[in-house]
Each structure stands twice: as structure tokens, then as C-alpha cells.
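The values are calculated or read from the model by the stated rules, or taken from the named source; none is laboratory data. Source: prediction; values computed, not measured. Neighbour counts run over all protein chains shown; Cβ positions are idealised from the backbone, glycine included. Please note that ligands, DNA and RNA were not included when accessible areas were found on the heavy atoms of the full protein model with its side chains. Shrake-Rupley method; radii C 1.70, N 1.55, O 1.52, S 1.80 Å.
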Amino acid sequence: AQSVAQPEDQVNVAEGNPLTVKCTYSVSGNPYLFWYVQYPNRGLQFLLKYITGDNLVKGSYGFEAEFNKSQTSFHLKKPSALVSDSALYFCAVDWGNTGKLIFGQGTTLQVKP
Amino acid sequence: DVKVTQSSRYLVKRTGEKVFLECVQDMDHENMFWYRQDPGLGLRLIYFSYDVKMKEKGDIPEGYSVSREKKERFSLILESASTNQTSMYLCASRLRTGLPYNEQFFGPGTRLTVL
């Protein structure tokens, strides 16, 4: 069955350090992969997507993610974290372009000054 | 900018009540979705609609129904609310299926408490 896993419930980083939020997936065929961010008491905001082409995709607010087909991973990265990046991050996958997103359980990112 | 609005931010209902959650988008999107969000479970798809009058079951449709009489509006209905339906409900829309791929845009959510 198709699934998405975010192995860390919480990631803590110091401001200015690089951050990584991990995501792995189990989907047959070619997946469409997404990262969304949720600030407190808000809906989800789209960050970036991988559809096809270059494995490194760049998105909003300086975030990027690397699609690794052999490891079935799509980790979210940022070279230098900001306190304002503190939020809940969701990885999601759409298989077959149905629009039916399967979400990971979410990772809380805490960036400390 | 795409705007997806939901009728209430917070809602408190009693067990057995019929509950309507409304979602409206203003960008002529064809596809609309209803999710529920629970801690540790991420978002799970309840129902979705590819276009007006169309509806498809998602992963957890039990206890819910939907209505899409107009393109801009997608309603989620809890026929007889139960305490295990206490959750955050998120509506989303996207332009259409097909390529280029169109991402989903989310509303602010409705936090429903069933007592």
C-alpha cells in the first residue's frame, strides 16, 4: 500500500544552522512529491513539489528538497534556519496524478535563537 | 492569489447533531477536497470532487457525506456527529487534474469539537 513516513516527530536546530526534515515514501510507479508547512492555527501552505526532471527542487522561503529514487526519499532542506521557520511540516505524495494526496504524520521544526 | 475560505474557525456541537462544514474557493477550481487532521496521523482524505455534482470517497468516508451543487462550494456533512469526529477539518482546492500538475491550496481549517 502507498504510504509516506516522516521518521522524526520533532527536529530541533539552532538559528543559522542547516536543517533537514526527512521524508520517505512507498509508492508504486512515478510519484509526485510535495512539502507543505503549517503555522499555528493556520491552514497548510505549499512549499515545493517534485513532478519530473531535476532531482533538486527549490521552493518558497529558501527551502529545497532532493528527490532520491533509489532511496525513495524526498528530504526537505534549508542551508540556514530562521526562528520564523518553526512550524509543522508535512510531506505528501500523489500517485498517478489523481490529486489524492497521502500525507506523512508531520514533523515539528523548532529553531532556537 | 487563490483564496479558500471555510465557514467557521471553531465549532462546538453535540453528539447526534447534523453538522455542515462549508468551503468556498474563488478561483474557478475544478477539484475540491476535504481532509481531517489529527495529531500523529497527518491529514487523511475524507471525500473529494473532481467537478460540480461529482464526488468520490477518500480514505475515511465513514460517517461523512458531501455536496457540490456549485463549482465554488464544497460542503462536508456529518449526518450524526460523534465524539470521534472531533478534529481539525481542512478543505483544499486545485485547478484541475492533468498536466502540468496543479498543487492544492488549503483553507484555514475548522476545529470541530463534538461533546
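What to note about this one:
- Spans of strands (runs of 3 or more DSSP E) in segment A:43-112 with at least 2 residues touching a Gly at 6+ places or on another chain (Cβ under 8 Å): A:44-50, A:87-95
- Restricting attention to segment B:61-96, the residues that are within 14 Å of chain A (Cβ to nearest Cβ) and surrounded by fewer than 15 Cβ atoms within 10 Å (Cβ to Cβ) add up to 1.
Matching residues to (1) over 20 Å from A:Y89 (Cβ atoms); (2) touching a Phe, Trp or Tyr at 6+ places or on another chain (Cβ under 7 Å):
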position: B:R36; (1), (2): no, yes
position: B:R68; (1), (2): yes, yes
position: B:E72; (1), (2): yes, no
position: B:L76; (1), (2): yes, yes
position: B:S80; (1), (2): yes, no
position: B:R96; (1), (2): yes, no
position: B:T110; (1), (2): yes, yes
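- Filter result for the condition that a residue is within 14 Å of chain B (Cβ to nearest Cβ), open to solvent by less than 30 Å² (accessible area, probe 1.4 Å) and either in contact with a Cys (Cβ under 7 Å, 6 or more places away or on another chain) or closer than 15 Å to A:F103 by Cα (or both), over A:L76, A:L47: A:L47
- A:N17 falls short on exactly one of the conditions (1) farther than 11 Å from A:H75 by Cβ; (2) buried (at least 19 other Cβ atoms within 10 Å of the Cβ), and that condition is (2).
- Residue list for segment B:7-48, filter: within 11 Å of chain A (Cβ to nearest Cβ) and on the phi > 0 side of the Ramachandran plot: B:G40, B:G42
- Selection within segment B:97-115 - more than 14 Å from chain A (Cβ to nearest Cβ) and out of contact with any Leu (no Cβ under 9 Å at 6 or more places or on another chain): B:L115
- Scanning segment A:25-42 for residues that are open to solvent by less than 70 Å² (accessible area, probe 1.4 Å), over 26 Å from A:K112 (Cα atoms) and either away from every other protein chain (no Cβ under 11 Å) or not in a strand (DSSP E or B) (or both) returns A:Y25, A:S26, A:V27, A:G29, A:P31.
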